[in-house]
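These notes concern the structure reproduced below.
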Amino acid sequence: MERDIYLIGLNHRTAGVEVRERFALTDCNVLEQGVVPIDDVVSEVLILSTCNRVEILAVGRGPEVVSRVLRGWAAARGQCEHDLAPYVYTHKGHEAVRHLFRVASSLDSMVVGEPQILGQLKDAYRKAIERNCTRVILNRLLHKAFSVAKRVRTETGVASSAVSISYAAVELAKRIFGEMNQYKAMLIGAGEMAELAATHLLHAGISKIYVANRTFERGRELARQFNGEAIHFEDLFERLADADIIISSTGAHEAIIRARDIKDVLRRRKHRPMFFIDIAVPRDIDPDVNNLDNVYLYDIDDLKEVVEENLAQRREEASKALTIVEEETGKFGQWLRSLELQPTIVDLIRRSERIAQDELARTLKRLGPVDDETRDALEAMLSSMVRKLNHEPITFLKRRHSEEDAGPRYIDIARRMFNLDDDNVPPDAHCDRRRHGEDN
């Protein structure tokens, strides 16, 4: 098949947080089509942007796909392609599929086994569908990635001993402060990361939790869950003086806390130590804050030590999970190759012939002994029926095969209609959802 799958990205292994925030694509719903337009080079695209990675999945023709993605990605962030390229990895075909399955299964995360990445990938897929950026191949690939992640979660113990970034942040706070019951914490942001952090803070014995969020109602809802106190975002710097530990995880595009903001806070606290953990990308807290006396600032990359300690006990389970990924990658490769016309024709004819031979065997068993002439006549009749029944479907597929987008789509439909892959994928797993979730 001329079109292939490409995955172009950077993550916590290839780029520090200062680089990741420069090239973050957090507002995928707005940027998706502008970053990589759908045209005759790129036919499908999806953007995944999290605190630890930005990855762009694209289906397209030839090496121009990669350069097109890099140019669009850098331009969307007002940057130069040459500044982005040194931090980027590129996977194609089989390797791209394997990498995506590893990501979905949380085997490529800083925290192996953490559950957040699967939800983030599902959200990225939903946004790509809304922007009409996915077709047959990415639809099938993403649903397969979700099922691989489910297999890994249910058949291995990778997730059972996992720690989240929020857990690592609280563990780091415990190392600095020791007993937590005499300290107060403030969460800036009220998303999933903040909710997890609140849970771990309570388990650690924190005496009070404040929640500051741009949407006050959401902040109040989270604070209520943990017997905390919600504060209005415009009162953030006034109330920071009450907090010893601040964990920030907003979706802001630039720093919301700077050194000049904290100087007055420290004065009002009589310079008692403050501990900031910034788990947002782009970062919420300007690194210059760390230059202030009695202020300790850690970003998401500083949590690696805590995470590494938890990694050893998951290595054996991760090995089992990688075996599942390899198996499912092979299966997806078979399906991808089947989108070429000839394998589907062969599979369709073989299926028909197998059914015909099975029915002939049953008929002969009921009839009892028959002479060679009768057997030959029955076999000739069945062979003729197989050819005639398959003639129209095969002719239809041949006509459609030359069409740019319709060819693979109709081949895929035929394979599902006749169950040529013996697959248990859900009925809507690889449909083309361009109108109302379906293409009629």
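The values are calculated or read from the model by the stated rules, or taken from the named source; none is laboratory data. If you're wondering where the values come from, they're calculated on a predicted model, not measured in any experiment. Note that each Cβ is placed from the backbone with ideal geometry, even for glycine, and that neighbours are counted across all protein chains shown. Areas reflect the complete protein model, heavy atoms only, side chains present, ligands, DNA and RNA absent. Shrake-Rupley method; radii C 1.70, N 1.55, O 1.52, S 1.80 Å.
If you go through region 110-124 one residue at a time, how many are open to solvent by 10 Å² or more (accessible area, probe 1.4 Å) and either farther than 12 Å from THR50 by Cβ or among the hydroxyl-bearing types (Ser, Thr, Tyr) (or both)?
Residues that pass the stated criteria total 3.
Go through the residues of region 50-69 one by one and say whether even a single one is open to solvent by 50 Å² or more (accessible area, probe 1.4 Å), touching a Phe, Trp or Tyr at 6+ places or on another chain (Cβ under 9 Å) and within 22 Å of ALA252 (Cα to Cα).
Checked against the condition, which is being open to solvent by 50 Å² or more (accessible area, probe 1.4 Å), touching a Phe, Trp or Tyr at 6+ places or on another chain (Cβ under 9 Å) and within 22 Å of ALA252 (Cα to Cα), region 50-69 yields no hits at all.
For the structure I just gave you, tell me whether GLU254 is open to solvent by 60 Å² or more (accessible area, probe 1.4 Å), free of Cβ contacts under 8 Å to residues at least 12 places away in the same chain and out of contact with any strand residue (DSSP E or B) (no Cβ under 8 Å at 6 or more places or on another chain).
Against the criterion (open to solvent by 60 Å² or more (accessible area, probe 1.4 Å), free of Cβ contacts under 8 Å to residues at least 12 places away in the same chain and out of contact with any strand residue (DSSP E or B) (no Cβ under 8 Å at 6 or more places or on another chain)), GLU254 does not qualify.
Residue check: is ALA173 in contact (Cβ under 8 Å) with a residue 24 or more places away in the chain, open to solvent by less than 10 Å² (accessible area, probe 1.4 Å), within 29 Å of ARG220 (Cβ to Cβ) and in a helix (DSSP H, G or I)?
yes
Considering only residues that are in contact with a Ser or Thr (Cβ under 7 Å, 6 or more places away or on another chain) and open to solvent by 20 Å² or more (accessible area, probe 1.4 Å), which ones fall in region 134-157?
Once the filter is applied, which keeps residues that are in contact with a Ser or Thr (Cβ under 7 Å, 6 or more places away or on another chain) and open to solvent by 20 Å² or more (accessible area, probe 1.4 Å), region 134-157 yields only ARG135.
Determine, yes or no, whether SER402 is hydroxyl-bearing (Ser, Thr, Tyr) and at pLDDT 85 or above.
No: the conditions fail for SER402.
Can you pull out the residues in region 371-384 that are hydrophobic (A, V, I, L, M, F, W, C) and surrounded by 13 or more Cβ atoms within 10 Å (Cβ to Cβ)?
Those that are hydrophobic (A, V, I, L, M, F, W, C) and surrounded by 13 or more Cβ atoms within 10 Å (Cβ to Cβ): LEU378, LEU382.
When you scan region 129-138, do you find a residue that is in contact with a Cys (Cβ under 9 Å, 6 or more places away or on another chain), more than 21 Å from ALA194 (Cβ to Cβ) and either of a type outside the set (Val, Ile, Thr) or assigned to a helix (DSSP H, G or I) (or both), even just one?
Yes, there is a match, as at least one residue in region 129-138 is in contact with a Cys (Cβ under 9 Å, 6 or more places away or on another chain), more than 21 Å from ALA194 (Cβ to Cβ) and either of a type outside the set (Val, Ile, Thr) or assigned to a helix (DSSP H, G or I) (or both).
Please state which of the following conditions SER319 fails to meet, knowing it meets all the rest: (1) in a helix (DSSP H, G or I); (2) closer than 30 Å to ALA259 by Cα.
Of the numbered conditions (1) in a helix (DSSP H, G or I); (2) closer than 30 Å to ALA259 by Cα, the odd one out for SER319 is (2).
Out of all the residues in region 194-251, which are among the hydroxyl-bearing types (Ser, Thr, Tyr), in a loop (DSSP other than H, G, I, E, B) and crowded, with 18+ Cβ neighbours inside 10 Å?
Just the residues of region 194-251 that are among the hydroxyl-bearing types (Ser, Thr, Tyr), to begin with: 199, 207, 210, 215, 248-250.
Now restrict to residues that are in a loop (DSSP other than H, G, I, E, B): 207, 215, 249-250.
Once the filter is applied, which keeps residues that are among the hydroxyl-bearing types (Ser, Thr, Tyr), in a loop (DSSP other than H, G, I, E, B) and crowded, with 18+ Cβ neighbours inside 10 Å, region 194-251 yields SER249, THR250.
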